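The values are calculated or read from the model by the stated rules, or taken from the named source; none is laboratory data. None of these values were measured; they are calculated from a predicted model. Cβ coordinates were reconstructed from backbone atoms using ideal geometry, including for glycine residues, and neighbour counts include every protein chain displayed. Each accessible area value is taken on the protein alone, full model and side chains, heavy atoms only, with ligands, DNA and RNA left out. Shrake-Rupley method; radii C 1.70, N 1.55, O 1.52, S 1.80 Å.
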Amino acid sequence: LALFVCFVPFAADASVPAYISAAIADPARPTAQVARDVSRKPGEVISFAGLKPGDQVADFMPASGYFTRLFSRVVGAKGRVYAFTPVEELKNCSAAETAGIRAMAHDSRYRNVSYAMGQIETFVPPMPLDMVWTSLNYHDLHDKFLGPANVEIFNQEVFAALKPGGVYLVIDHAAEAGSGLRDTERLHRIDPETIKKE
């Protein structure tokens, strides 16, 4: 099992596979999400992660569904996307934050996406996964509005859900080296070494 922790911006890469470029060009993507491509660099990030057609991937805390939509197109009809939204997030965040993923649940263009809500410690996808992806929210697991969550149990569930050789990919804002969990609430950042230890 592999854990990737990504904190640095990616340079433009001409080697983005055609199936990822096609997903990014999907006309069904909301304009507001397309505008975020400049900073999120989905082509380079998804290429780096290694997601491909036919894969089974979980998008943990998908919020607006930015990556969920892209994953749906990347993995295609033979793949599956499992979008898991914690009930703790729904209780303590504005409805606007999760409006995008809730709208997707009623959109027939995303038939290969399964939607689930539950407590963080009940993350048990219905199929073995090639990848578990969480973007810009791992630090939130330590914050009051999510409980805080039992991170040890959650991470155990993630690794149990992965196929042999599967990837657990964490993208987050990097805090100062050695700061541990100090900045998760105030600055929404976390020390990369803390994630690796957990």
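Somewhere in the range 40-57, is a residue in contact with a Lys or Arg (Cβ under 7 Å, 6 or more places away or on another chain) and farther than 30 Å from ASP143 by Cβ? Yes, the range 40-57 has at least one match. Looking at the range 97-119, which of its residues are over 13 Å from PRO62 (Cα atoms) and in a helix (DSSP H, G or I)? Once the filter is applied, which keeps residues that are over 13 Å from PRO62 (Cα atoms) and in a helix (DSSP H, G or I), the range 97-119 yields SER108, ARG109, TYR110. Quick one: would you say PHE154 is touching a helix residue (DSSP H, G or I) at 6+ places or on another chain (Cβ under 7 Å), open to solvent by less than 40 Å² (accessible area, probe 1.4 Å), in a helix (DSSP H, G or I) and among the aromatic types (Phe, Trp, Tyr)? So PHE154 fits the description; yes. For the range 68-106, the tally of residues that are without any contact (Cβ under 8 Å) to a residue 40 or more places away in the chain and over 14 Å from the mean Cα position of the chain (by Cα) stands at 17. Residues in the range 50-59 that are open to solvent by 10 Å² or more (accessible area, probe 1.4 Å) and of a type in the set (Gly, Ala, Ser): GLY50, GLY54. Quick check on GLU89: is it over 18 Å from GLY166 (Cβ atoms), open to solvent by 10 Å² or more (accessible area, probe 1.4 Å) and assigned to a helix (DSSP H, G or I)? For GLU89, the condition - over 18 Å from GLY166 (Cβ atoms), open to solvent by 10 Å² or more (accessible area, probe 1.4 Å) and assigned to a helix (DSSP H, G or I) - is not met.
Only one of the numbered conditions (1) within 19 Å of TYR66 (Cα to Cα); (2) touching a Pro at 6+ places or on another chain (Cβ under 9 Å) is violated by LEU162, and that is (1).
Within the set ALA96, ALA77, the sole residue that is exposed (fewer than 14 other Cβ atoms within 10 Å of the Cβ) and within 21 Å of MET127 (Cβ to Cβ) turns out to be ALA77.
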